[in-house]
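The values are calculated or read from the model by the stated rules, or taken from the named source; none is laboratory data. What you see is a predicted model; the values in this text were computed from it and never measured. Because the Cβ atoms are built from the backbone with ideal geometry, glycine has one as well, and the counts that use them run over all protein chains shown.
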Amino acid sequence: MNELAITVLGHDRPGIVADVAGTLAELGVNLTDSTMTRLRGHFAMTLICTGEVPAETVEAALLPMCADGTLLATVREVLPEAETPQPGTPYLVSLHGADRLGIVSSVTQALARAGGNITDLSTRLVGPLYVLVAEVDLPAAAVESVTDELSAIAAELGVEVTIRPGEMDIL
Amino acid sequence: MAGVSLAEQTRAATAGVIGALRPVVAAPDAVLSQPGKAVDPASTEIVQLVADLLVTMRSSPGCVGLAAPQVGLGLRVFVVDVTGHPKAANCQGPFALCNAEVAAASRWRPGREGCMSVPELTGDVKRATRVTVTGQLPGTGEQVSVVSDAFEARALQHEIDHCNGLLFLDRVAGAHAVHPRKVYL
């Protein structure tokens, strides 16, 4: 069984997901985890699939929907990820302010230096407003210093940043 | 029994009944997706079930509620106990309700929920932070109305959903509102 990483990017139109899913189903490729969204109007889809078909066959099957040049589909075989327990506790970092170069690099580098592992991140630029939301697993000992460092970065960049525990309740 | 707390009445109903630990079933077990049947709260079977649910809930650290479908029974019975939880405001202690319904709900707020029956995922769910719940007490069958808020209100809605064949997955806030569950000890 192959594990395949598939990306589809390009000009948005109705029916892309249906076309991709249909092609995969015809090949007997099982769509497992997926995420899709629109980024500045562009359609963006990332899929992890399993199947007996080689990556080249899947990519070739997706070629017709890319023929007009508005979509790009890539398929690569990947090794199954071993489930490793995540150390640390979950925190949510949210940032907003005027857009400027280097916001994402400054924030993510600070988190990386502290041993933080980003598990989810999205950014949006709307007019002059830049918004970043990141979920990060932080070593408990690093939380205080990261909070201080993010405050300093925010002051330097002229943006607002908050970090708070990513709470989850079991019911 | 005016003036007697729900927890005391639940304790009185199950006095002398030895609860047994029951295995918790996980999705996609069909029982979790079927509306539960109404029960006779005065029957000995339901009193025994309440005792079992209390024991099973207490056996799992951090668990604040358990409904009959979660132990494989499609019945409208659940127990709740948010004692000591940092988000709890109103707290009635450990109590059980049969055939419960949400009669009024207001002040909706999002929150991330996990469930013993969906061990691998969590989800962002909007719930009322003020609720009035009606239901029957085990043992006596007395009809009661419970007003609660904050975390207990969320727990009540989650458990009543179980009794109606709904999981938090049926109520998530959007396409990116389901997350892999991370376990931290």
Quiz item: Among A:Thr108, A:Thr119, which is the only one that is closer than 23 Å to A:Cys49 by Cβ and among the polar types (S, T, N, Q)?
Solution: A:Thr119
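Let's see how each residue does on (1) crowded, with 19+ Cβ neighbours inside 10 Å; (2) under 21 Å from B:Gly93 (Cβ atoms); (3) modelled with pLDDT of 95 or more; (4) not aliphatic (A, V, I, L, M):
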residue	(1), (2), (3), (4)
B:Ser5	no, yes, no, yes
B:Gln34	no, no, yes, yes
B:Ala38	no, no, yes, no
B:Ala42	no, no, yes, no
B:Ile46	yes, yes, yes, no
B:Ala51	yes, yes, yes, no
Quiz prompt | Filter result for A:Ala141 (exposed (fewer than 14 other Cβ atoms within 10 Å of the Cβ), out of contact with any Cys (no Cβ under 6 Å at 6 or more places or on another chain) and at pLDDT below 95) | solution = yes
Quiz item: Only one residue in B:Asp40, B:Asp52 is out of contact with any Pro (no Cβ under 6 Å at 6 or more places or on another chain), in a loop (DSSP other than H, G, I, E, B) and farther than 25 Å from A:Glu167 by Cβ, so which one is that?
Solution: B:Asp40
Quiz item: Which residue out of A:Thr89, A:Thr70 is within 14 Å of another protein chain (Cβ to nearest Cβ), β-branched (Val, Ile, Thr) and farther than 26 Å from A:Asn2 by Cβ?
Solution: A:Thr89
Exercise. State whether the residues of segment B:77-90 include one that is within 14 Å of another protein chain (Cβ to nearest Cβ) and among the polar types (S, T, N, Q).
Key: no
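Taking A:Val143 as the residue in question, decide whether it is within 14 Å of chain B (Cβ to nearest Cβ) and touching a Ser or Thr at 6+ places or on another chain (Cβ under 6 Å). Please lay out each step first, then the result.
On the way: within 14 Å of chain B (Cβ to nearest Cβ): yes; touching a Ser or Thr at 6+ places or on another chain (Cβ under 6 Å): no.
For A:Val143, the condition - within 14 Å of chain B (Cβ to nearest Cβ) and touching a Ser or Thr at 6+ places or on another chain (Cβ under 6 Å) - is not met.
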Quiz item: If you check A:Ala110, A:Ala154, which single one turns out to be surrounded by 13 or more Cβ atoms within 10 Å (Cβ to Cβ), out of contact with any strand residue (DSSP E or B) (no Cβ under 8 Å at 6 or more places or on another chain) and in contact (Cβ under 8 Å) with a residue 12 or more places away in the chain?
Solution: A:Ala110
Quiz item: Identify, please: which residue in segment B:151-185 is within 11 Å of another protein chain (Cβ to nearest Cβ) and basic (Lys, Arg) and is, among those, nearest to B:Asp81 (Cα to Cα)?
Solution: B:Arg154
Quiz item: Are there any strands (runs of 3 or more DSSP E) wholly within segment A:9-124 with 1 or more residues that are of a type in the set (A, V, I, L, M) and in contact with a Gly (Cβ under 9 Å, 6 or more places away or on another chain), and if so which?
Solution: A:42-51, A:71-78, A:89-98
Quiz prompt | Qualifying residues in segment B:89-112 (those that are at pLDDT 95 or above and in contact with a Phe, Trp or Tyr (Cβ under 8 Å, 6 or more places away or on another chain)) - the one surrounded by the most Cβ atoms within 10 Å (Cβ to Cβ) | solution = B:Ala96
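Would you mind stating whether A:Asp120 is closer than 27 Å to B:Pro180 by Cβ, within 14 Å of another protein chain (Cβ to nearest Cβ) and crowded, with 18+ Cβ neighbours inside 10 Å? Even if it seems obvious, please write down each step before you answer.
On the way: closer than 27 Å to B:Pro180 by Cβ: yes; within 14 Å of another protein chain (Cβ to nearest Cβ): yes; crowded, with 18+ Cβ neighbours inside 10 Å: no.
For A:Asp120, the condition - closer than 27 Å to B:Pro180 by Cβ, within 14 Å of another protein chain (Cβ to nearest Cβ) and crowded, with 18+ Cβ neighbours inside 10 Å - is not met.
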Self-check item: Candidate set: segment A:146-171, residues that are in a strand (DSSP E or B) and not charged (D, E, K, R); chosen: the one nearest to the other protein chains (Cβ to nearest Cβ)
Solution: A:Ile170
Self-check item: Selected residue (criterion: farthest from the other protein chains (Cβ to nearest Cβ)) from residues of segment B:134-150 that are among the polar types (S, T, N, Q) and surrounded by fewer than 20 Cβ atoms within 10 Å (Cβ to Cβ)
Solution: B:Thr140
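Being surrounded by 14 or more Cβ atoms within 10 Å (Cβ to Cβ), under 18 Å from the mean Cα position of the chain (by Cα), hydrophobic (A, V, I, L, M, F, W, C) and away from chain B (no Cβ under 14 Å): is that true of A:Leu27 here?
No, not satisfied.
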Quiz item: Which residue pairs have Cβ atoms under 7 Å apart, sit 6 or more places apart or on different chains, and have a first residue in segment B:99-121 that is within 9 Å of chain A (Cβ to nearest Cβ) and farther than 15 Å from B:Glu159 by Cα and a second that is of a type in the set (A, V, I, L, M, F, W, C) and assigned to a strand (DSSP E or B)?
Solution: B:Gly111/B:Val125
Quiz item: Pairs under 8 Å by beta carbon, first residue within 30 Å of A:Val126 (Cα to Cα) in segment A:19-41, partner of a type in the set (S, T, N, Q) and assigned to a strand (DSSP E or B), six or more apart or different chains?
Solution: A:Ser34/A:Thr46; A:Thr35/A:Thr46; A:Met36/A:Thr46
